Structure formats: C-alpha cells, structure tokens
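To keep things clear, I will list the structure first and then write my remarks on it.
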Amino acid sequence: NWATATDVTGEPIPLVSGSPESFLVRDLTPGQTLYFAVRAMDEGEQLGAVSNSPSTVVSDSQPKLTIHCINVGQGDCTLIQSGTGKTFLFDAGYNAVGYSQVIPYLQGLGITQLTYMGASHYDADHIGGLEEVYYSIGVDSACYDRGWSETTQSYWDYANAVASIRTTINDGDVIDLGDGVTMRCVCVNGNGLLSPPYNYTQWDENDLSVGYVVEVGSFQFFVGGDISGNTSCTPYHDIETSVGAEVGDIEVLRTNHHGSYCNSNVNFLGSLNPEAAIISCGDGNPYGHPTSTVINRLVNVGAYIYQTELGTGGTIPTGKGEVAGDIVIQTNGICTYTIQDSIYLVDAATGVTLAGSVPARPFLWPNVPNPFNPTTTIRYDVAEAGPVRVLIFDVSGRLVRNLVSGTHAPGSYSESWGGTDGAGHAVPSGVYFLRLENGAASETRKMTLVR
C-alpha cells in the first residue's frame, strides 16, 4: 500500500530515461521482509504509476565471501574464504615471504589448515611461498595449477612439496567453496590462443597464467596472475582481450602483473568495467610497477584503485585510490560489498522496474547452470528494437548453432539450449562460446557442456 509505505530519504538525482539507478538503504534488521516500490515524478510534480514491488529478506550481517589481498611486496597472494570456513590460497609471493608474511597472516585469522591451494603460474614471485605455507599450515583437499612444468628451483620446490595433492585445473572447472561461493576457471595456458607444449621453451610463463572468477550472488571478482595483454611487449601475447570478452562485467579486479604496462589493455578493462581494482606491488621494485599507463586506464574506466604498497611507477591521482597494505573485500553477494570498510553497490543490485522502462544496454547474462548437462538457460537483454542474434561457437570459432535470429523489441528474453547443432545433432562435451548481437553492440560468454 503506497499510502502507508515508509518514505526513504536521500534518493539520488534522477538520470536520463532508460539509465539504471541504484540507492542504498542502511540500518536494516536481519530477518526482516521488505517490499520496495518506486514512483517517478515529473518537473510538474505529477506522480507516475507505482512500479512493481519486489521483496527481499534482509540477510544476516555475516559475509558469505571474504577475499584477502595479502601484502607480500613485489609478488601476489590472495586468500578466498567462504562463510562455511572453506579456504583457497592463490599464490604466496617470493621464497621466504611465506614464512615472514603469509603464514603469520593466516594464523592471525585462526586458520590451522587450508582447504585448497593454487598457483597462477610458476614465476617465483607467485609460487615461492607456497611450499612454505604447505609445510607449515597444510592443505586438506587439493593444490590446483596449470599442469606441465618449469625448470626453476622455485618450481621444483613447489612441485615436490605438493606432489601428493597436485591437480591440473581445466578451463571451465568450478571449485565450490560452499555458501554459494564458487571459483570458476576462465583461462589457463593461453586461453586457447596458444598451442602445446605449454612450457618455457615455447611460451612466456605469464601468458600461461590461470585466471578465476570468484562469485557469490551477483558479486564477481577476477584474479588472473600475470596474463598478458600487449603484443608489442616481446615475448608476450594478448590473452586478456579474449578473457575479458568471456568474463564480462565484474565488481573487483585483481590487476594483472602488478600494473605492468604490458597488461590491463583497454579491451580487457572495457569488458570487465570494474568498480575497484587491486594492485599488488612492492616498494623499491626495479620494474616501475605500477605504471602510470595502467593507473590511468583504471581511472578512465571508473575504478577506484587500492595498492598494497606505493611501488616505483605511476602515482594514483588524488581521490582516485589509496595505498592500503593488506586489502579485505567482504560481501553476501546481495546489493553491497565492502573494501576496507568502504561500501560499494553490486552491479545487479536492482529489481524495481518502472512502467515502460527498458534495459539501458544489451546484456548477456551467465547461462544457468554452467557447466550443464543436458540443458542450460540463456537470458539476454535487448536495449534497442531491431535485429538480434544469439550464436553459439565451438573453441575453433566454428558456428555450431544460430539459436536466435530475428527482430526484438527492447526487453528481457530467455532461451534454452540442449547441446545440439543446427541439424539437431548432439554436440560433444567441451567449451562453447555464446554471443549476443544487438545492433552494433555484442557480448560474449563462455559455457561448458559436460556429458
């Protein structure tokens, strides 16, 4: 009943028609059921129709997901924790940093054993401390990496330590941490752009990095080691652009390769469009990390920057970021997340639809379920009336199925796919690419069929 509803205050200045709008309501009571509705008012103070009234139950204040970007100087280390207590440690900095930084940090959290461990790739500034953490803290289930091998002492120390639990991660694999938290592998060994053997004789180690999207509810976080994005940086390849097209919009980016100018290209950042970016770099490093080029690119896409240390490269513009040491992200995946106690809105924190409203831009939602067998549901938003196509390709780029082809009015749509080609024949298990085309705009996502 609109007449008896509670009027909230502090609403934002309206944007142009068709633009998404968000508003944060604070100081709610866990367990309370709330209904939300909106009425638009024109310049003559005439009220429009009442919107739909979606409801929500205020969740408990305990986060379902906590991400610790641990300060290990010129290296990388990320701890992912779910509300169930399951943990995944991804990289652990250089040798000796495991003992000096990572182990004390884990012990300070009361962690006596990790559930999972993982390596993005085999450079010493990422795997050097993993052996130390393994022997001191231990791992209950598995240690995931890209497979293959390297020749460095850091690699062999790591490989020998975790040999009994070492597991090769594959593109599309999902690690379930419980409480709705998942880690989905979105790239490994060049994301299909490079051919085996995947070792130092053929490719640079950075190009082979493992990348994950960590998800809970509508919140997404990307971490991808040192994957490259600039073909002019010998001997690197542009892996980022293909990864960005598959991942799409996220909330927080763990910036690749410590802010090197060979990474974080404009295509990648434009696809991910993060609200915040974490840069792990060390004071006094000889590489000029983070570079002003990458800092400026992050600022240009609207990302607020958090650095573990100041580094030796570019400087964050005033008001666009901070040097914060250990950086902690927490969320329930619903409406908001926090970084160092600053509150951000989750991109999908919406649900109130005004009469006559249309999507602000074309958007291809992640298919559900993914991986799938035998059928998955594909939801997509159309922003402008006209031709729309939803296409499915295999990893070689061959068109497998023209799922949708026709004229659409603006709105939200869904289709199902049962893993068949245009002739109705079943396609094999594997990774497929889903592409939405609406006018001049397009979006691509990756899905995995497991028979």
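Tabulated data for the structure shown
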{"read-out": "Net charge dipole size for the chain [Lys, Arg +1 and Asp, Glu -1 on Cβ; Debye, nearest 20]", "value": "940 debye"}
{"read-out": "Contour minus Cα-Cα distance for Val368 and Asp421 (0.36 nm per residue)", "value": "17.2 nm"}
{"read-out": "Zone of Leu193's modelled label, taken as backbone nitrogen in the range 286-306 under 19 Å from a point 7 Å along Cα→Cβ", "value": "294, 297-298"}
{"read-out": "The range 292-337: C-alpha gyration tensor shape, a/c 1.5 cut-off, then a/b vs b/c", "value": "oblate"}
{"read-out": "Sequence ranges 250-261, 366-377, 304-315, ranked by mean other-Cβ count within 10 angstrom, highest first", "value": "250-261, 304-315, 366-377"}
{"read-out": "Environment charge of Gly333, counting only residues whose C-beta is closer than 9 Å and scoring Lys/Arg +1, Asp/Glu -1", "value": "0"}
{"read-out": "Prolate/oblate/rounded label for the range 161-319 (Cα gyration tensor, a/c 1.5)", "value": "oblate"}
{"read-out": "The range 71-130 and the range 236-285: distance between their alpha carbon centers, rounded to Å", "value": "21 Å"}
{"read-out": "Stokes-Einstein D for the chain, Kirkwood Rh over Cα pairs, 20 °C, 1.002 mPa s (µm²/s)", "value": "92 µm²/s"}
{"read-out": "The chain: Cys lacking any partner C-beta under 4.7 angstrom", "value": "Cys69, Cys77, Cys143, Cys185, Cys187, Cys281, Cys335"}
{"read-out": "Whether the range 106-215 is rounded, prolate or oblate, judged on the alpha carbon gyration tensor where a/c under 1.5 counts as rounded", "value": "oblate"}
{"read-out": "Ratio Rg/Rh, restricted to the range 359-450 and using Cα atoms, in which Rh is the Kirkwood radius", "value": "0.96"}
{"read-out": "For Phe363, Phe393, order by how many other beta-carbon atoms lie within 10 Å, fewest first", "value": "Phe393, Phe363"}
{"read-out": "Dipole of the chain, positive direction: furthest Cα of Gly406, Thr112, Val181, with charges on the beta-carbon", "value": "Gly406"}
{"read-out": "Mean separation of Cα contacts under 8 Å (6+ apart) over length of the range 65-345, as relative contact order %", "value": "15 percent"}
{"read-out": "Geometric extent, Cα atoms of the range 396-444 - Rg, Dmax (angstrom)", "value": "12.3, 34"}
{"read-out": "Beta bridges by DSSP in the chain, antiparallel share as percent, to the nearest 5", "value": "75 percent"}
{"read-out": "Inter-probe distance in nm under a simple model that places probes 7 Å from Cα toward Cβ, at Ser141 and Leu399", "value": "4.1 nm"}
{"read-out": "Neighbour-count order for Leu399, Leu345, Leu269, fewest beta carbons within 10 angstrom listed first", "value": "Leu399, Leu345, Leu269"}
{"read-out": "In Å, descending, principal axis extents of the Cα set of the range 253-325", "value": "32, 25, 17"}
{"read-out": "Label-point separation in nm, Val328 to Ala385, each point 7 Å along Cα→Cβ", "value": "5.3 nm"}
{"read-out": "Distance (nanometres) between label positions extended 7 Å along Cα→Cβ at Thr84 and Asn1", "value": "4.4 nm"}
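Each value in this text was obtained by applying a stated rule to the coordinates, not by laboratory testing. As the structure is a computational prediction, the values presented were derived from the model and not from experiment. Positions of Cβ are generated from backbone atoms using ideal geometry, with glycine treated the same way; all protein chains shown enter the neighbour counts.
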